[in-house]
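Beneath this line is the structure, given in structure tokens, with notes to follow.
The values are calculated or read from the model by the stated rules, or taken from the named source; none is laboratory data. None of these values were measured; they are calculated from a predicted model. With ideal geometry, Cβ positions are generated from the backbone for all residues, glycine too; neighbour counts draw on all protein chains shown.
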Amino acid sequence: MPERTRPVGIGGKAGTVALVGRPNAGKSSLLNRLLGEKLAIVSDKPQTTRHRIVGILTEARGQIVFHDTPGLHRPLHKLNQQMVQAARDAMNDCDVVCLLVDLAEPFGAGDKFVLDLLSRVEAPKVLALNKADLMKKPAILPRIANYAQADFAEIVPVSARDGEGCTALLEIFFRLLPAGGPLYDRELLTIHPDRFLAAETIREKVLGLTSEELPFSTAVKIDRWEEVGDLVRIYASILVERSGQKKIVIGKQGQMIKTIGSAARFDLEAQLGRRVYLDLHVREQPGWREQPQLLAEMARELHSLEVRELPGDAGDEPKERGDD
Ligand SMILES: Nc1nc2c(ncn2[C@@H]2O[C@H](COP(=O)(O)OP(=O)(O)OP(=O)(O)O)[C@@H](O)[C@H]2O)c(=O)[nH]1
Ligand SMILES: [Mg+2]
């Protein structure tokens, strides 16, 4: 689909970069900025990202496979344990690890915990000091002192919001990545299926339009997906834990669910490049954050069977390169 494709590039470097950090640091915003596309959902509430989100950047210098991760926090539910595990796995299996910190937040025990985790990571590490747009330049320097003991290959102030420092950050990633051919098809922006991305888009609207405990206790499940000509019919459930939360999501005379629905439909039509009929249903599912079966079902939505990694040396084939 045109919205998900990238210009074809000839690779020199290729590998994976994990974007890790505390909740709300701006990891997903940075992913979108570096890709130049809105792939991951973003909100001002912590714990927005719940899975490892893969975004692929292919250009003349090579291919970077970014792994956006859930924020590292103290997990109180099974869902949160899985989120933190996903971030820790990415830290340990990517070629480069980029720690994002929010310059607007004071250094605290959570940051210390993340640094301890990182100290056991062997891959080259980069520190990205995000939200530099909110700080005056002289205020940034003292913040670096907190990280002096850690072995970062590079430290860069960036702003995922206005793009500051992002060109430098990309240069650093390409320099640190191993030489090699692309890991994935060069035209791919992500490996996640439309169904998963659509559920995320709906969840983003719920997060953006509701407050307090709701964002944490909400999930979105696609129940049915039908494609008829250029129309996609999407039937989705918004799961909540309690009847009070259901009332909030539905709103007075259904106003809230209507607003969520039209905001989501607007984005989905752009995302899918097709007309969308969206049917939203709010469902009470007490304790869903502790239910292994439901969590496993949601995790399965993350991957499509059709996308496969290229064999190790595929990018080195002269035929592949000659295609460009
Ligand atoms: N001013 C400013 N705000 C930013 C910047 N980057 C992200 N934000 C805001 O910070 C909030 C969190 O952004 P996300 O990208 O969702 O953060 P995250 O690290 O992915 O959060 P989790 O998925 O919850 O771990 C949002 O309100 C963003 O708009 C930035 O560079 N400057
Ligand atoms: Mg995120």
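Here residue 109 meets the list (1) buried (at least 17 other Cβ atoms within 10 Å of the Cβ); (2) without any contact (Cβ under 8 Å) to a residue 60 or more places away in the chain almost entirely, failing just condition (1).
Beta carbons closer than 6 Å, at least 6 apart along the sequence or on distinct chains, pair a first residue in the stretch 143-155 that is among the small types (Gly, Ala, Ser) with a second that is assigned to a loop (DSSP other than H, G, I, E, B) for 153/124. The residue that is farthest from residue 270 (Cα to Cα), among those in the stretch 58-76 that are within 12 Å of the chain's Cα centre (by Cα) and within 11 Å of ligand 1 (Cβ to nearest atom), is 71.
Hey, does the stretch 307-324 have a residue that's over 22 Å from residue 48 (Cβ atoms), crowded, with 19+ Cβ neighbours inside 10 Å and modelled with pLDDT of 90 or more? No.
Does the stretch 11-24 contain any residue that is buried (at least 18 other Cβ atoms within 10 Å of the Cβ), at pLDDT below 95 and away from ligand 1 (no atom under 14 Å from the Cβ)? The answer is yes; a qualifying residue exists. Take the residues of the stretch 41-57 that are touching a strand residue (DSSP E or B) at 6+ places or on another chain (Cβ under 8 Å) and more than 22 Å from residue 114 (Cα to Cα): which is nearest to ligand 1 (Cβ to nearest atom)? Ranking the qualifying residues of the stretch 41-57, first place goes to 55.
Taking the stretch 228-247, which residues are without any contact (Cβ under 8 Å) to a residue 40 or more places away in the chain and assigned to a strand (DSSP E or B)?
Let us first name the residues in the stretch 228-247 that are without any contact (Cβ under 8 Å) to a residue 40 or more places away in the chain, namely 228-229, 244-247.
Within the stretch 228-247, 228 is the sole residue that qualifies.
Of 123, 86, all but one fail to be touching a residue at least 24 places away in the same chain (Cβ under 8 Å), surrounded by 17 or more Cβ atoms within 10 Å (Cβ to Cβ), away from ligand 2 (no atom under 16 Å from the Cβ) and of a type in the set (Gly, Ala, Ser); the exception is 123. Selection of first residues in the stretch 164-192 that are touching a residue at least 40 places away in the same chain (Cβ under 8 Å) and within 27 Å of residue 135 (Cβ to Cβ) and of second residues that are crowded, with 20+ Cβ neighbours inside 10 Å and of a type in the set (Phe, Trp, Tyr), restricted to Cβ pairs under 9 Å at least 6 apart or on distinct chains, gives the following pairs, ordered by first then second residue: 173/66.
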